[in-house]
Amino acid sequence: MFTITDKEFKQLSCYIKTTIGINLKETKKTFMVSRLHNVLLEMGFKSFSEYYDYIIADKTGNAVVTLIDKITTNHTFFMREPDHFYYFKDKVLPYLKNTVKDKDLRIWSAGCSSGEEPYILAMIIDEFFGEEKKKWDRKVLATDISNRALKKAVEGIYSKEEIASIPIQWKLKYLKPLSKEKFVIVDKIKNEVIFRKFNLMDAFPFKKKFHVIFCRNVMIYFDNDTKYQLLNKIYNSLDNGGYLFVGHSESFNRKMSKFKNIAPAIYRKE
């Protein structure tokens, strides 16, 4: 097993924070070593200093892609924090149906990981609008920084255990069995989600403002400065009256952002 010095940890953790916003504290040394051990071994590096120099010198972008895939957690599951999905179905969609005049519904799942969240949102939209859905531009944008997570999301294949929390009526309607243990999201829903790689630390390139942004359990990895910089960008990217959903373990006060808290971990741009 490799060991990491204080200097090496500081170099790598600073690079990670600058690149993708994740703030790794001193207590995460063991985590970093365990996540990157095999990379160093496979590439023949003798120390984390050699690995850091390789990342900095690499011009292809492959080194940072591997680093990001190893460091990011990408832990999620279907119907995580289910009250948010029911609020989206019962409160948000009826409001937007009556107020979005051009029928251009703009929803973003930021930090979508392996696709569970945006697929559930697409299922809810399909069920809510029914036949009327054809009149709407309603595709969900889903972004993440991890190539590994996005690959699984695009494939849309999940195990029997992974889909266990999906309501039975949605399982029957929106999932197709590949075997006794594997299921795939049906094309009708797959086609409703646009997956893209995107770093939340980058400038937001969006020309139109969103009506709803889900950015849940992402900011728990950021320090306060990074968190509030992101919140400001999100606020400016939301339409007036737009909704922001964050994780239940994430919080921010009114003095630090312009959002109004309207329900647990649900905020609105006034």
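The values are calculated or read from the model by the stated rules, or taken from the named source; none is laboratory data. Note that the structure is predicted; figures quoted are calculated from it, not measured. Note: ideal-geometry Cβ built from the backbone for every residue, glycine included; neighbour counts use all protein chains shown.
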TODO: Check the range 70-77 and report whether any residue there is at pLDDT 90 or above and surrounded by 17 or more Cβ atoms within 10 Å (Cβ to Cβ).
DONE: no
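When only residues in the range 228-251 that are touching an Asp or Glu at 6+ places or on another chain (Cβ under 9 Å) and surrounded by fewer than 16 Cβ atoms within 10 Å (Cβ to Cβ) count, which is nearest to Ala263 (Cα to Cα)?
Within the range 228-251, the match that is nearest to Ala263 (Cα to Cα) is His248.
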- [ ] With the checklist (1) in contact with a strand residue (DSSP E or B) (Cβ under 8 Å, 6 or more places away or on another chain); (2) surrounded by 15 or more Cβ atoms within 10 Å (Cβ to Cβ) in hand, flag the one item Glu270 doesn't pass.
- [x] (2)
Open item on the list: Every residue in the range 33-47 that is out of contact with any Lys or Arg (no Cβ under 9 Å at 6 or more places or on another chain), surrounded by 15 or more Cβ atoms within 10 Å (Cβ to Cβ) and assigned to a helix (DSSP H, G or I), please.
Closed with: Val33
TODO: Tell me, yes or no, whether the range 32-51 has at least one residue that is outside the structural domain of Ala164 (by TED's automatic domain parsing), without any contact (Cβ under 8 Å) to a residue 12 or more places away in the chain and within 21 Å of Met219 (Cβ to Cβ).
DONE: no
- [ ] Among the residues of the range 80-129, count how many are of a type in the set (Val, Ile, Thr) and without any contact (Cβ under 8 Å) to a residue 12 or more places away in the chain.
- [x] 0
Task: Flag for Ala142 being assigned by TED's automatic domain parsing to the domain that holds Arg216, of a type in the set (A, V, I, L, M), in contact with a helix residue (DSSP H, G or I) (Cβ under 7 Å, 6 or more places away or on another chain) and within 19 Å of Phe78 (Cβ to Cβ) - done: yes
- [ ] Would you check if there is a residue in the range 72-91 being in the same structural domain as Cys215 (by TED's automatic domain parsing) and more than 21 Å from the chain's Cα centre (by Cα)?
- [x] yes
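How many residues are in a strand (DSSP E or B) and farther than 23 Å from Val218 by Cβ if we restrict to the range 184-201? Give the derivation first.
Start the filter on the range 184-201 by keeping residues that are in a strand (DSSP E or B), which leaves 184-185, 193-197.
Now narrow it down to the ones that are farther than 23 Å from Val218 by Cβ: 184.
So the answer is 1.
Would you check which residues across the range 66-96 are of a type in the set (Lys, Arg) and within 18 Å of Ile266 (Cβ to Cβ) and list them? First the steps, then the outcome.
We begin by selecting, within the range 66-96, every residue of a type in the set (Lys, Arg); these are 70, 80, 89, 91.
Selection gives Arg80, Lys89, Lys91.
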Open item on the list: I'd like the full set of residues that are within 15 Å of Arg80 (Cβ to Cβ) and in a strand (DSSP E or B), limited to the range 158-177.
Closed with: Tyr158
- [ ] Would you please name the residue that is farthest from Ile16 (Cα to Cα), looking only at residues in the range 220-245 that are in a strand (DSSP E or B) and not small (Gly, Ala, Ser)?
- [x] Asn240
Open item on the list: If I filter the range 95-138 down to residues being in a strand (DSSP E or B) and among the charged types (D, E, K, R), which single residue comes out as nearest to Val212 (Cα to Cα)?
Closed with: Asp104
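Here's the yes/no breakdown for (1) surrounded by 14 or more Cβ atoms within 10 Å (Cβ to Cβ); (2) more than 17 Å from Ile185 (Cβ to Cβ):
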| residue | (1), (2) |
| --- | --- |
| Gly130 | no, yes |
| Ala142 | yes, no |
| Arg148 | yes, yes |
| Lys152 | yes, no |
| Gln169 | no, no |
